[in-house]
Structure formats: structure tokens, C-alpha cells
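Q: This structure is in C-alpha cells; I'll ask about it shortly.
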Amino acid sequence: VTGIPDDVAARLDRLESEAALRRLAADYCQAFDDRGLDRFVALWHEDATWELLPGTVLTGHEGIRSAVEGAWGALPATRHLTTNHVVEVDGESGTGSAQVLAFIQAADGTWSQGVFTYTDVYERRNGRWAFARRGAVPHVQAPLPAGP
Amino acid sequence: VTGIPDDVAARLDRLESEAALRRLAADYCQAFDDRGLDRFVALWHEDATWELLPGTVLTGHEGIRSAVEGAWGALPATRHLTTNHVVEVDGESGTGSAQVLAFIQAADGTWSQGVFTYTDVYERRNGRWAFARRGAVPHVQAPLPAGP
Amino acid sequence: VTGIPDDVAARLDRLESEAALRRLAADYCQAFDDRGLDRFVALWHEDATWELLPGTVLTGHEGIRSAVEGAWGALPATRHLTTNHVVEVDGESGTGSAQVLAFIQAADGTWSQGVFTYTDVYERRNGRWAFARRGAVPHVQAPLPAGP
């Protein structure tokens, strides 16, 4: 049997796009935390915007590259955990949001944990989904007690 | 090409229903934490049951509305993070469970974190998936240290 | 209408396999934490390998069974929360990774939390997806303060 009904193709495409965007959000965490520079930059479109924190806005691969290198220089280790990720796909673009629990080590070696809301815009270009924009807003943060 | 084989339609419907239920679980967290009253109540069917904690059972939109308003009055801020969400869809109904990590601020301003298991019953009415029942059981809870 | 185009069948199968693997990762947490021995062992193929911690490797249902019973004997209670789960399915096999936030109670009653990366190999045999291998690497860990 060959040929895909149009409606089936559209529904499969939406489901596959949602899966690709879940993966994008997970890759963001893993690339950031594993310090994969090329892998991290490749998650963004060339003209993408990253608002690391409210008011701190980077644009384009060069800006994103230097910002993430700056973050890695300041923070010895990090772990980001994505939860509540929801996406809304409309053809070649989409929006999404998630809550991210981040474990962050400061330069003095102490750790904190914090919850952030990420608000995203995605675009698919040449068949590849990537961030057009991601912004983070912090909620509760607290130090982690030192181990025994 | 037109026409969808019955089996394909059923498989697409199951995948789409699972996606809708993941979204429902995420929306629950975001609506609760962002204090969107109408948005929160709309996640439940009119005759739904909410067991906030073992033994504390609310029924119907009126009961759910007053319970969530009571919770918001007692707790200055909250953040709920859904993990391990699994669903079992059977046509127009489904069941599910998840572990939720909740960050909760008490009236005195102090924060705690806790893990809960949510056990859910979902129904689809008029094409819309919503909670027929959600119950929460607490596991470990601990205070968050105050920030520096 | 009957008959499924080959391409549609393959795409549905991939989406359904990804859903089955997400469920497998969630079931691992729930079975471990709820101490469902048969349920936990059934998540693994008969010849599977479990690397609980780097260098601690168990093989086969007997090895996995005795290892999980040992863990349950040593740890009064646990809660594992899966995040960032990504999978790559290729027909009857697949790979995946996730970050897991684990709340662990030690024999003395104190609790800690820690983030782990799980790296997985999955296989589908007789239509059933299960672990062929799972390994855990620890990241940050910290004690939980005792409650008030």
C-alpha cells in the first residue's frame, strides 16, 4: 500500500514535531550540563534570542556561544531537569513552556537548587526544529546543605 | 489520497490522547502555580473528584474552586513539577499516575519540598480530556534552607 | 478503508515505541520505589545488565533480583523522578538517556537527594520493550534537612 492520506500525514507530523521539541528541551539541559559547546549552539537558529535571566538577552550564535562559555566559566557544575514541558505546534513554528529544576554550583563550590519557567518559541527550518527564542524566569531558589 | 484505515485512526487517536493527558498534567501544575482560577477549574469535569490529601475530598467545580482558593490563601507560592507520568488510554477514558515534586511556601514565608504520587482518572467528553478524579499521596518532605 | 501504507506503519511504530520506552523509564522508578519485585524484574530482559553505580554491575534476572533486594534492605525508602528522557529507536533496538532526581533514605533514617544520569540500551523481543542495559552515574548529592 502506498500514499498517505493528507490528514494522517498532518497528524503524524504534529506528533513527530512534539517529540522533536521534547528532545530539544532535553538536549538543551544535557548539552549545557555536559558542556558540549557545538552541541549547545546547534540547538538554536542562527538568529535566535536567549534571555538567560530577565533582562539579560543574547542574540545569534556568537552571542549565545559567548554567554554559555561565560556561564560555564562562572559555574563549576550544573544539572538542569526539565518538567511540565508543553508545546503547541502550528506547521513550521511552535511555542512551549516548561518548569526546569536547576542544581547550580557557584564559584565557591557551594550548591543551590532553583525552579525556573522557560518560555520558548521554536521554528522548523529545512526540516530541523530549533529554538528561535528561549527565556527563563526564576522562582524559588535555596542553598543545598553541604554533605556529611 | 483520502480515507484513514480504521487501525491507523485508532493508533493516532491513542497517541494524541496520551499527548493531551501529558498536557493536562502539566497544565494542572502551571494553572495551580500561576493561580489561574478559571484555567485550573477547566481542567476538571463538572462532577470530578479531587482528593488533595488522603481523606480531604472535594467534588464538582464549586468544591474544587473553593479548595484551590483556600490553598492559595494559605500558601503564598508553590511550584509543582510532574515526573514519571504514565497513562493508559481506553477509548473515552483513561487512568494515569505521576510523581510530582512540589515546592511549597508556608504562611510564615518558609519553603519546603516534597514528593507526591498523583493517581488519576481521565474522561473524554465532547472531544475534551479532563480529570474525572485526581488524588495525591505524600512521600518524603523536607524544609528548604533559607538563602544566604 | 483497510491497509496501512508502509511509511505510516513505520512512523506509528516509532512513536509507539518511544511511548513504550518513556513508560519503561517511569515504571522503573515506580516499581523500585513501591518495591514491586516481580514488576521490577519484568522490566529487564533475561540477559540484561544493570550498572547500579559505576563499577557495580549485575547481570540477568537473578543478579538484578538480588541487587534490588539488597538495595531495599539497605534503604528504608526511595523516590526516583525521571526527567530529560530521550530515546533513539531503530527498529527492534534503541538507546536512551535521562536525568533522574532520587530522594534516598539511609538506614539511619536521614534523607539525601541526588541527580543521576541513566544511560540505557533497550531491545524489543516478542513485541515487548525492556532494558538490555541500564547504567547510572551520580552527579550532585546533598542531605535533606530534617523536618521541623
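Q: Can you tell me which residues in region C:91-104 are buried (at least 17 other Cβ atoms within 10 Å of the Cβ) and more than 13 Å from the chain's Cα centre (by Cα)?
A: Answer for region C:91-104, where residues must be buried (at least 17 other Cβ atoms within 10 Å of the Cβ) and more than 13 Å from the chain's Cα centre (by Cα): C:94, C:103, C:104.
Q: Sort out which residues of region C:41-66 are at negative phi, more than 14 Å from chain B (Cβ to nearest Cβ) and open to solvent by less than 20 Å² (accessible area, probe 1.4 Å), and write them in order of number. Even if it seems obvious, please write down each step before you answer.
A: Quick first cut of region C:41-66, residues at negative phi only: C:41-54, C:56-59, C:61-66.
Keeping just the survivors that are more than 14 Å from chain B (Cβ to nearest Cβ) gives C:41-42, C:44-54, C:56-59, C:61-66.
Passing the criteria: C:41, C:44, C:45, C:48, C:50, C:63, C:64.
Q: Could I ask something else about it? Which residues, taken from region C:1-20, are of a type in the set (A, V, I, L, M, F, W, C), open to solvent by less than 10 Å² (accessible area, probe 1.4 Å) and more than 8 Å from chain B (Cβ to nearest Cβ)?
A: Going through region C:1-20, the residues of a type in the set (A, V, I, L, M, F, W, C) turn out to be C:1, C:4, C:8-10, C:12, C:15, C:19-20.
So of that shortlist, the ones also open to solvent by less than 10 Å² (accessible area, probe 1.4 Å) come out as C:8, C:12.
Answer for region C:1-20, where residues must be of a type in the set (A, V, I, L, M, F, W, C), open to solvent by less than 10 Å² (accessible area, probe 1.4 Å) and more than 8 Å from chain B (Cβ to nearest Cβ): there is none.
Q: Return yes when residue B:78 is within 13 Å of chain A (Cβ to nearest Cβ) and either surrounded by fewer than 16 Cβ atoms within 10 Å (Cβ to Cβ) or in contact with an Asp or Glu (Cβ under 9 Å, 6 or more places away or on another chain) (or both) and no when it is not.
A: Numbers: within 13 Å of chain A (Cβ to nearest Cβ): yes; either surrounded by fewer than 16 Cβ atoms within 10 Å (Cβ to Cβ) or in contact with an Asp or Glu (Cβ under 9 Å, 6 or more places away or on another chain) (or both): yes.
Here the answer is yes, as residue B:78 does meet what is asked.
Q: Can I ask one more? Can we say residue C:23 is open to solvent by 20 Å² or more (accessible area, probe 1.4 Å) and within 14 Å of another protein chain (Cβ to nearest Cβ)? Show your work before the answer.
A: Values: open to solvent by 20 Å² or more (accessible area, probe 1.4 Å): yes; within 14 Å of another protein chain (Cβ to nearest Cβ): yes.
Answer is yes for this residue.
Q: Consider residue C:118 carefully, then state whether it is under 17 Å from the mean Cα position of the chain (by Cα), more than 22 Å from residue A:99 (Cβ to Cβ) and in a strand (DSSP E or B). So that I can check it myself, show each step before the final result.
A: Numbers: under 17 Å from the mean Cα position of the chain (by Cα): yes; more than 22 Å from residue A:99 (Cβ to Cβ): no; in a strand (DSSP E or B): yes.
Considered against the rule, which asks whether it is under 17 Å from the mean Cα position of the chain (by Cα), more than 22 Å from residue A:99 (Cβ to Cβ) and in a strand (DSSP E or B), residue C:118 comes out as no.
Q: Using the structure shown, decide if residue B:113 is more than 26 Å from residue B:21 (Cβ to Cβ) and out of contact with any helix residue (DSSP H, G or I) (no Cβ under 6 Å at 6 or more places or on another chain). If you could, list the steps in order and put the result at the bottom.
A: Values: more than 26 Å from residue B:21 (Cβ to Cβ): no; out of contact with any helix residue (DSSP H, G or I) (no Cβ under 6 Å at 6 or more places or on another chain): yes.
So residue B:113 does not fit the description; no.
Q: Sticking with this structure for a sec: Determine, yes or no, whether residue B:38 is within 30 Å of residue C:15 (Cβ to Cβ), of a type outside the set (Gly, Ala, Ser) and at pLDDT 95 or above. Write out each step before concluding.
A: On the way: within 30 Å of residue C:15 (Cβ to Cβ): no; of a type outside the set (Gly, Ala, Ser): yes; at pLDDT 95 or above: yes.
In short, no.
Q: What number of residues within region B:106-146 are within 14 Å of chain A (Cβ to nearest Cβ), open to solvent by 50 Å² or more (accessible area, probe 1.4 Å) and not polar (S, T, N, Q)?
A: Matching residues across region B:106-146 total 2.
Q: In addition: Looking at B:137, B:100, can you tell me which residue is part of a strand (DSSP E or B) and closer than 14 Å to residue B:25 by Cα? First the steps, then the outcome.
A: Values: B:137 fails: closer than 14 Å to residue B:25 by Cα.
Being part of a strand (DSSP E or B) and closer than 14 Å to residue B:25 by Cα holds for just one of B:137, B:100, which is B:100.
Q: Would you check if residue A:88 is among the charged types (D, E, K, R), within 11 Å of another protein chain (Cβ to nearest Cβ), surrounded by fewer than 17 Cβ atoms within 10 Å (Cβ to Cβ) and part of a strand (DSSP E or B)?
A: On the way: among the charged types (D, E, K, R): yes; within 11 Å of another protein chain (Cβ to nearest Cβ): yes; surrounded by fewer than 17 Cβ atoms within 10 Å (Cβ to Cβ): yes; part of a strand (DSSP E or B): yes.
Spelling it out, residue A:88 is indeed among the charged types (D, E, K, R), within 11 Å of another protein chain (Cβ to nearest Cβ), surrounded by fewer than 17 Cβ atoms within 10 Å (Cβ to Cβ) and part of a strand (DSSP E or B).
The values are calculated or read from the model by the stated rules, or taken from the named source; none is laboratory data. What you are looking at is a predicted structure, and each value in this text was computed from that prediction instead of being measured. Please note: Cβ atoms are built from the backbone with ideal geometry, for glycine as well, and neighbour counts cover all protein chains shown. Just the protein is used for accessible areas: all its heavy atoms, side chains included, with ligands, DNA and RNA removed. Shrake-Rupley method; radii C 1.70, N 1.55, O 1.52, S 1.80 Å.
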